[in-house]
1. Under a crude label model (7 Å from the Cα following the beta-carbon direction), how far is Arg68 from Arg249 in nanometres?
2. Using only Cα atoms and rounding to the nearest 10 degrees, what angle (0 to 90) does helix 5-17 make with the longest principal axis of the chain?
3. When ranked by the protection proxy of mean other Cβ atoms within 10 Å per residue, highest first, what sequence do the peptides 176-187, 15-26 form?
4. The list [x] 105, 53, 41; [y] 68, 49, 35; [z] 57, 52, 43 gives values of Cα extents along the principal axes in Å, and only one came from this structure; which label was calculated from it?
5. Relative contact order for segment 1-50: what is it in percent, counting Cα pairs under 8 Å that are at least 6 residues apart?
6. For Ala47 and Glu110, compute 0.36 nm times the residue count separating them, minus their Cα-Cα distance, and round to one decimal in nm.
7. Find, to one decimal place in angstroms, the Kirkwood hydrodynamic radius of segment 1-40, where the mean of 1/r is taken over every pair of different Cα atoms and then inverted.
8. Residue by residue through segment 57-64, what is 3J(HN,Hα) from phi via Karplus (6.51 cos²θ - 1.76 cosθ + 1.60, θ = phi - 60°)? Round to whole Hz and write x for glycine and proline.
Amino acid sequence: MHFDFTDIRLFVHIAETGNLTQGAARTFLSAPAASARIRALEASLNAQLLYRGNKGVSLTQSGETLLRHAQIILRQVDYLRDDFTGPNSDTSGHVRIFANTTAVTEFMPEVLAEFLASRPGVTVDLQERLTQDIVRAIHDGTADLGIVSGEIDQTGLEAIRFSTDRLLLAVPLGHDLANCKHVAFADTLKYEHIGLHEGSTLLAFLRGLMEKNGYERALRVKLRSFEAMCRMIEAGVGIGILPESAARRHMRTMQITLVGIDDGWAIRERFVLVRSLEALPGAGRALVEELVQNAAGGIK
């Protein structure tokens, strides 16, 4: 078995883009050279790694296995480089973060803006993922930090609590529930619900609760942002559940009312997940500290 770091990076880039030519370009190789390297890699491993089609490539089961190991190898190389950047190692390096919808849209932009302003040598890859994918990525080492809410299996991970996430029900003015201070989630299911897009952590969480409570209808509308949800609610299309920070911000400019949710799951603790805080590169540890400090200063 023989391959080098160029082969590993090339394979990861192809997997991420779903396209051999684009993956080659990201690795600064020509398409023919990249194709030859992938064929040699498959021969070395005695396994087919890619399904090749007219619209691009996809990974075989062997390809998925190699991708998981390749990402870990590249992250460890990054850690090695960061450990030798000197005493100010938190001012350079790369941090990959997998986070839930609320984190990506509501507070991470502000946290990262402040964090990166004083660290021009640091780069960050922030991706929205489902909770189970976040946990898996931290276990596998394919992400440095994971940001999640609610009850999760923390076995084998370090979980640093940094704030509380509260979910509220948003309804249009004049709605049947508009004068309620609190409502049980089950009592909202007689009304049409709207929600976030497919792939969002909040949609996946609420869909599970809806199925458990017998909500058999499809969501009336699915949208890309909390702002779009609130505008649709304001227009009377349906009602929706969203984080308190987003709900209160949009309530200032839209004709909606917020109602508390009685169910215990509506108040959820937020955690940063890591495999080992001590083993993180300096930039990763500094970002965890920044999150905790920002929470103490007012992340909602």
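1. Spacing of the two 7 Å Cα→Cβ label points: 3.6 nm.
2. Helix 5-17 and the main axis of the chain meet at about 30 degrees.
3. The peptides rank, most packed first, as 15-26, 176-187.
4. Computing Cα extents along the principal axes in Å and matching it to [x] 105, 53, 41; [y] 68, 49, 35; [z] 57, 52, 43 gives [y].
5. In percent, rounded to a whole number, it is 34.
6. 18.2 nm
7. Answer for segment 1-40: a Kirkwood hydrodynamic radius of 9.6 Å.
8. Result, ordered by residue: 10, 9, 8, 6, 4, 5, x, 4 Hz.
Where a number appears in this text, it was derived from the coordinates with a stated rule and is not lab data. Everything numeric here is computed off the predicted structure, so don't read it as measured data. Note that we place each Cβ from the backbone using ideal geometry, even for glycine, and neighbour counts take in every protein chain shown.
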